[in-house]
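Data first, discussion second: the structure below is written as structure tokens.
The values are calculated or read from the model by the stated rules, or taken from the named source; none is laboratory data. Keep in mind that this is a model prediction, so the values were computed, not measured. Backbone-built Cβ (ideal geometry, glycine too); neighbour counts: all protein chains shown. Just the protein is used for accessible areas: all its heavy atoms, side chains included, with ligands, DNA and RNA removed. Shrake-Rupley method; radii C 1.70, N 1.55, O 1.52, S 1.80 Å.
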Amino acid sequence: MSDASRLRIAVQKSGRLSDDSIALLKAIGIKLQIRDRLLIAHSTNQPVDLLRVRDDDIPGLVMDGVVDLGFIGQNELEEKMLERQASNRPYAFKTLRELDYGGCRLSIAVPNEMSYDSVQSLQGKKVATTYPYLLERFFESNNVNASAVMLTGSVEVAPRAGVADAICDLVSTGATLEANGLQEKDEVFVSRAVLIQSAKPLSDEKQELINRLLPRIDGVTQAKESKYIMLHAPKAYLEQVKSLLPGAENPTVLPLASSDDIVAVHVVSPETLFWETMEKLKALGCSSILVMPIEKMMG
Ligand code: ATP
Ligand code: MG
């Protein structure tokens, strides 16, 4: 049995959310030794245990307070909430952060040869999906009388197999749909990964640890979106240079030992520099223009 004083975090064992969730935990300073077959992984430097499960189980584990935190796609979370609401079971949780991975959409797709003008074209049809509650809600809000056929896998082959007329499935690039002769028609739900916490009050120690980890998540996310930009600029054109650099109201300007007319400019920018901007900087007489990734940020 694991120690109840340790923070329990549920992550998908193996799938599209696993690598990014584990990478994020490592980036915020939680050392983990994951053995492929084991359900539990203990952190070696923090009072944290990872529970590695199927993603379908994560919302329920958080809602029941079996784990304290969970990394999960909003699609699974919303589906579980609707399922629990329908059967009067507890479904409370807190969303701590929306994350920058796991982006996808739950969409209606129909065979290329089926005519489809609007959702109304689904009237009286059968639609295969792994998300019957989200789909039923979509039908209801559009006043469509259609039925959801629940399939836990291979949803995209349902029309060809004669099991359904259309499908409602997760899409990111659309390549799977195309490979199966299907066309995306309507968006039912837009999703990304989120970090959620159980609604149950936690011990002070656990809550303090969570409160310390959240700014680290923000720091990692911000760092991914930001760049450290360094360049040499002619002193005379400093104002023009600043106006070309995104987010550079207050750059660090340093003298160069070798020259009185040229200064070094350093700036943390919320976006990268485009080649066009770099060319403009060069035309102003700038040189040694470097754009570098940032690993961590704070304050
Ligand atoms: P498990 O065995 O854990 O139940 P799974 O097959 O249900 O795995 P995955 O295919 O690994 O799940 O997808 C997990 C989550 O990743 C999805 O619920 C969704 O939130 C997100 N996701 C992002 N892009 C896609 C995509 N193109 N297709 C499916 N899921 C995606
Ligand atoms: Mg699943």
**Message:** Which numbered condition in (1) closer than 30 Å to residue 291 by Cα; (2) out of contact with any Leu (no Cβ under 6 Å at 6 or more places or on another chain) is the only one that residue 230 fails?
**Reply:** (2)
**Request:** Looking only at the range 190-211, decide whether some residue is open to solvent by 20 Å² or more (accessible area, probe 1.4 Å), modelled with pLDDT of 95 or more and more than 30 Å from residue 29 (Cβ to Cβ).
**Result:** yes
**Asked** When residue 51 is evaluated against the numbered criteria (1) within 16 Å of ligand 2 (Cβ to nearest atom); (2) assigned to a strand (DSSP E or B); (3) open to solvent by 80 Å² or more (accessible area, probe 1.4 Å), which criterion, by number, is the only one it fails?
**Response** (3)
**Item:** Unmet requirement for residue 79, which otherwise passes all of (1) closer than 28 Å to residue 208 by Cβ; (2) within 16 Å of ligand 2 (Cβ to nearest atom)
**Value:** (1)
**Message:** Give me the residue from the range 160-183 that is open to solvent by less than 50 Å² (accessible area, probe 1.4 Å) and more than 16 Å from residue 123 (Cα to Cα) and, out of that set, farthest from ligand 1 (Cβ to nearest atom).
**Reply:** 181
**Request:** Filter the range 1-15 down to residues that are in a loop (DSSP other than H, G, I, E, B) and crowded, with 16+ Cβ neighbours inside 10 Å and give me whichever is nearest to ligand 2 (Cβ to nearest atom).
**Result:** 13
**Request:** Name every residue in the range 245-263 that is open to solvent by 50 Å² or more (accessible area, probe 1.4 Å) and of a type outside the set (S, T, N, Q), in order of residue number.
**Result:** 249, 253, 254, 255, 257, 260, 261, 262
